[in-house]
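The block underneath contains the structure these notes are about, expressed in structure tokens.
The values are calculated or read from the model by the stated rules, or taken from the named source; none is laboratory data. All figures in this text were calculated on a predicted structure; none of them were measured in a lab. Note that each Cβ is placed from the backbone with ideal geometry, even for glycine, and that neighbours are counted across all protein chains shown. These accessible areas exclude ligands, DNA and RNA; they are computed on the full protein's heavy atoms, side chains included. Shrake-Rupley method; radii C 1.70, N 1.55, O 1.52, S 1.80 Å.
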Amino acid sequence: QHSSLADKARNFMTLSETLKGRRGYVVILLLQSGRFAGGVFEQSKCIVHRAIQHYTVRKGQGKAQSSQDQKRRPKSVGSQLRRAGEQSLKEEVHETLAEWKDYIAAAGVLLIACPKTMRATIFGTAEDAGGTTSSSTGLLFKDDVRLRRVPFDVGRPTFENVKVVHKVMMGVELRMVPPLIHVEE
């Protein structure tokens, strides 16, 4: 177990060193439960950022309306509001990515924290691009070599958490701790 933890720490440090050495912008996108936060960094300075929140989660259920719709399609006013919130969030994220397309095209690394169920909001398909590249639509593609998943839980997507992700991912330091010496009396 101990060596496994050490290996994970070394892998994390290697990733951080690789990210620090890249030229260009660092784009961070966080998406979860009706919330989106993103930022574009040049060195340690945030150039542009955005945070969006919409009503999409059923109170007390902890799930998005779309996950409930897979089982059945209720017609309550609340479910309609949540569905509209999900659609609005998706549209606003797409607008943000389109506005940031030049930053995304020039980025050295793209850091993403997004559950599998919401990846369609950030990632495009060949049909979305209409035969163009991701830099012209702003949408990202899963096979982009600059893409990295944030390897820790970021909590609620806020601008503060975007800054935390940048600080942690761009500033990992690994120190070797000497083993404890047992002194027998």
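Residue pairs, Cβ under 6 Å, 6 or more apart or interchain, first in segment 147-166 and closer than 22 Å to HIS54 by Cβ, second part of a helix (DSSP H, G or I). List them. Filtered contacts from segment 147-166: VAL150/VAL165; VAL154/ASN161; VAL154/VAL165; GLY155/ASN161. Might you check whether a residue that is in a loop (DSSP other than H, G, I, E, B), in contact with a strand residue (DSSP E or B) (Cβ under 8 Å, 6 or more places away or on another chain) and modelled with pLDDT under 80 occurs anywhere in segment 12-22? Scanning segment 12-22, I find at least one residue that is in a loop (DSSP other than H, G, I, E, B), in contact with a strand residue (DSSP E or B) (Cβ under 8 Å, 6 or more places away or on another chain) and modelled with pLDDT under 80, so the answer is yes. Looking across segment 46-82 at every residue that is open to solvent by 40 Å² or more (accessible area, probe 1.4 Å) and of a type in the set (Lys, Arg), the one that is modelled with the highest pLDDT is identified as ARG50.
Take the conditions (1) modelled with pLDDT under 90; (2) open to solvent by less than 90 Å² (accessible area, probe 1.4 Å); (3) farther than 15 Å from VAL27 by Cα; (4) in a helix (DSSP H, G or I); THR117 misses just one of them, which is (2).
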